[in-house]
Amino acid sequence: MFQKSIPELARGLREGEFSSEELTRGFLDRIGRFDEKLNCVITLTDSAALEAARVADARLKNGDATLLTGIPFLHKDIFCTDGVRTSCGSRMLDNFAAPYDATVTVRLQDAGAVMLGKTNMDEFAMGSSNETSFYGPVKNPWDLQCVPGGSSGGSAAAVAARLAPLATGTDTGGSIRQPAALCGVTGIKPTYGRVSRYGMIAFASSLDQAGPFAASAQDAACMLEVMAGFDPRDSTSIDQPVDAYAGMLDADLSGLTIGLPKEYFGAGLDAGVGAAVQAAIEAYKKLGAQVKEISLPNTSLAVPAYYVVAPAECSSNLSRMDGVRFGYRCEEPKDLEDLYVRSRGEGFGDEVKRRILVGTYALSAGYYDAYYLKAQQVRRLIRDDFVQAFREVDIIMGPTTPGPAFRLGERCDDPVTMYLSDIYTIAVNLAGLPGMSIPAGMVDGLPVGLQLIGDYFAEGRLLNAAHRYQQVTDWHTRLPPGFE
Ligand code: GLN
């Protein structure tokens, strides 16, 4: 049952082949069996899940089910869930039960999807390996000595091991696509503004965007359809109808022009990853696509610009964690100053502190023009590169990451090398474009991700291109050994 697609599960539920309660128990069982090894789940909401499953079963009987009614999913612990701990991977919010639901939470609930629990993540979504979590690192199911990627590492690893058929993630600089690549699953980061950020704990507000993880593009399409849409509570949400993604999957690819940015295939790219990506491009040619080399000349500026913009925004966003209003408070503060200093000092981990320091510096009087403003100007150039490219091509493809999953601990003391894990993904966030990663091969037993980047609101086109590839390949169906 755990290997069925979402349309197959929905059909099984509708036709009474199994109930949502049985399906939910099945996945809770897998979490019980495997999560000790992986550490994907911070909070298990098993009794609420069984209750939601029974409600879904009644809805299925009444005939008012959606495609996701009765389907279990795991929720990244960055989304507010009413009455349920919402930790964001931080000691700061370890004791925080959100007093309301995020819009994404409500949409999934309204569709009848069954939340099994909340997934582990890098603290406040800052990281590329899931090692900055207060709850300890997640392990990659393909090799337990390796990282799953981050920051949505818990969600990616959980879907890879089929602890849930679907999971949510967020992507500020690559946090859906990079862990999807390292864990061998499908993940899509939509256009900025496509999915509401209301109730999604903010890291860098001009970059953050939520999206789904699933085994296949087809399953991701089913979930994105539910997650996406205008929300008057998020002023950056865009009032434009959501395409019926799951109905757009089969379109023919002949006439599709794929752009390959030469900057994405240079030094620094692992040879095995490069070869797998080339093989995937060949498969696209067989499907009728044309390939064209393009240039995104400002690619090398993306990581430096991001590490000004993202810390600047996070230093402002995290100022609300003051030890007063909610979250962690130090013991016996001497005075107000001591309360702030120790609560923040004890509540935040090293990476979060590093970002707050950098961001505060970049925004300080006298430096704002030199750093933040300059980074925003570079951001515009990066966006213009993509706008120019999309005059000539329909989709841009390349590797998602420079290499496969790296070993736990390997990059912990080297933030710059860690930051470079997102060298191919970050520009997409700076430009606000949709991007996705799909499994496209293996090197030394570890998955390789192919990245697809689309024009604004071209999620349907990306999912279509990914689906057509998945119909002629089986990388997305493979299970990590030991998780059968
Ligand atoms: N790895 C990047 C960072 O640490 C991106 C994280 C993300 O997308 N949330 O900031």
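Given the residues Gly89, Gly127, which is the only one that is open to solvent by 10 Å² or more (accessible area, probe 1.4 Å) and at positive phi?
Numbers: Gly89 fails: open to solvent by 10 Å² or more (accessible area, probe 1.4 Å).
Step by step, each of Gly89, Gly127 is checked, and only Gly127 is open to solvent by 10 Å² or more (accessible area, probe 1.4 Å) and at positive phi.
Hey, any hits in region 107-114 for a residue that's in contact (Cβ under 8 Å) with a residue 60 or more places away in the chain and either touching an Asp or Glu at 6+ places or on another chain (Cβ under 7 Å) or within 15 Å of the ligand (Cβ to nearest atom) (or both)?
For region 107-114, residues in contact (Cβ under 8 Å) with a residue 60 or more places away in the chain and either touching an Asp or Glu at 6+ places or on another chain (Cβ under 7 Å) or within 15 Å of the ligand (Cβ to nearest atom) (or both): absent.
Need the failing condition index for Ser315 against (1) closer than 21 Å to Arg468 by Cα; (2) in contact (Cβ under 8 Å) with a residue 40 or more places away in the chain, just the number.
Every condition holds for Ser315 apart from (1).
Read through the list (1) open to solvent by 30 Å² or more (accessible area, probe 1.4 Å); (2) within 25 Å of Gly136 (Cα to Cα); (3) touching a residue at least 40 places away in the same chain (Cβ under 8 Å), then give the number of the only condition that Val416 fails.
Among (1) open to solvent by 30 Å² or more (accessible area, probe 1.4 Å); (2) within 25 Å of Gly136 (Cα to Cα); (3) touching a residue at least 40 places away in the same chain (Cβ under 8 Å), the lone unmet condition for Val416 is (3).
Within region 319-342, is even one residue within 13 Å of the ligand (Cβ to nearest atom) and either among the polar types (S, T, N, Q) or free of Cβ contacts under 8 Å to residues at least 40 places away in the same chain (or both)?
The answer is no; no qualifying residue exists.
Please pick out the residue among Gly32, Gly63, Gly16, Gly12 that is on the phi > 0 side of the Ramachandran plot and at pLDDT 95 or above. Break it down stepwise before answering.
Details: Gly32 fails: on the phi > 0 side of the Ramachandran plot; Gly63 fails: at pLDDT 95 or above; Gly12 fails: on the phi > 0 side of the Ramachandran plot.
Being on the phi > 0 side of the Ramachandran plot and at pLDDT 95 or above holds for just one of Gly32, Gly63, Gly16, Gly12, which is Gly16.
Would you point out the residue of region 401-426, among those that are touching a Leu at 6+ places or on another chain (Cβ under 7 Å) and either among the aliphatic types (A, V, I, L, M) or within 14 Å of the ligand (Cβ to nearest atom) (or both), that is farthest from Gln376 (Cα to Cα)?
In this case the residue turns out to be Ala405.
For region 345-360, which positions are over 15 Å from Pro311 (Cβ atoms) and in contact (Cβ under 8 Å) with a residue 40 or more places away in the chain? Let's see the steps before the verdict.
Just the residues of region 345-360 that are over 15 Å from Pro311 (Cβ atoms), to begin with: 345-347.
Answer for region 345-360, where residues must be over 15 Å from Pro311 (Cβ atoms) and in contact (Cβ under 8 Å) with a residue 40 or more places away in the chain: Glu346, Gly347.
Can you pull out the residues in region 158-184 that are aliphatic (A, V, I, L, M) and within 16 Å of the ligand (Cβ to nearest atom)?
Pass one, region 158-184, residues aliphatic (A, V, I, L, M): 158-161, 163-164, 166-167, 176, 180-182.
Answer for region 158-184, where residues must be aliphatic (A, V, I, L, M) and within 16 Å of the ligand (Cβ to nearest atom): Ala167, Ile176, Ala180, Ala181, Leu182.
Looking at region 59-86, which of the residues that are over 19 Å from Phe348 (Cα atoms), of a type in the set (Ser, Thr, Tyr) and open to solvent by less than 50 Å² (accessible area, probe 1.4 Å) is farthest from the chain's Cα centre (by Cα)?
Once the filter is applied, the top-ranked residue is Thr69.
Out of Asp444, Asp394, Asp455, report the one residue that is touching a residue at least 12 places away in the same chain (Cβ under 8 Å), closer than 18 Å to Asp171 by Cβ, open to solvent by 10 Å² or more (accessible area, probe 1.4 Å) and of a type in the set (Asp, Glu). I'd like the intermediate steps shown before the answer.
Numbers: Asp444 fails: closer than 18 Å to Asp171 by Cβ; Asp394 fails: closer than 18 Å to Asp171 by Cβ.
Criteria check complete, one pass: Asp455.
Determine whether region 430-443 contains at least one residue that is within 16 Å of the ligand (Cβ to nearest atom) and in contact with a Ser or Thr (Cβ under 6 Å, 6 or more places away or on another chain).
Yes, because at least one residue in region 430-443 is within 16 Å of the ligand (Cβ to nearest atom) and in contact with a Ser or Thr (Cβ under 6 Å, 6 or more places away or on another chain).
When you scan region 26-47, how many residues do you find that are among the charged types (D, E, K, R) and within 20 Å of Gly83 (Cα to Cα)?
1
Can you pull out every residue in region 397-413 that is farther than 30 Å from Gly288 by Cα and surrounded by 14 or more Cβ atoms within 10 Å (Cβ to Cβ)?
Ala405, Phe406, Leu408, Glu410, Arg411, Cys412
Just a yes or no: is a residue in region 361-376 open to solvent by 40 Å² or more (accessible area, probe 1.4 Å), in contact (Cβ under 8 Å) with a residue 60 or more places away in the chain and polar (S, T, N, Q)?
yes
Please enumerate the residues belonging to region 284-335 that are small (Gly, Ala, Ser), open to solvent by 20 Å² or more (accessible area, probe 1.4 Å) and assigned to a helix (DSSP H, G or I).
Answer for region 284-335, where residues must be small (Gly, Ala, Ser), open to solvent by 20 Å² or more (accessible area, probe 1.4 Å) and assigned to a helix (DSSP H, G or I): Ser300, Ser316, Ser319.
If I filter region 257-279 down to residues being touching a Gly at 6+ places or on another chain (Cβ under 7 Å) and more than 15 Å from Gly403 (Cα to Cα), which single residue comes out as least open to solvent (accessible area, probe 1.4 Å)?
Within region 257-279, the match that is least open to solvent (accessible area, probe 1.4 Å) is Pro261.
Of these, Ser205, Ser128, Ser152, which one is of a type in the set (Ser, Thr, Tyr), more than 11 Å from the ligand (Cβ to nearest atom) and in contact (Cβ under 8 Å) with a residue 60 or more places away in the chain?
So the residue among Ser205, Ser128, Ser152 that is of a type in the set (Ser, Thr, Tyr), more than 11 Å from the ligand (Cβ to nearest atom) and in contact (Cβ under 8 Å) with a residue 60 or more places away in the chain is Ser205.
Could you figure out which of (1) surrounded by fewer than 24 Cβ atoms within 10 Å (Cβ to Cβ); (2) among the acidic types (Asp, Glu); (3) under 20 Å from Ser47 (Cα atoms) isn't true of Asp143?
(3)
The values are calculated or read from the model by the stated rules, or taken from the named source; none is laboratory data. This structure is a prediction, so every number in the text was calculated from the model and none was measured. Cβ sites come from the backbone with ideal geometry, for glycine too, and all protein chains shown count toward neighbours. The area values use the complete protein model at the heavy-atom level, side chains included, leaving out ligands, DNA and RNA. Shrake-Rupley method; radii C 1.70, N 1.55, O 1.52, S 1.80 Å.
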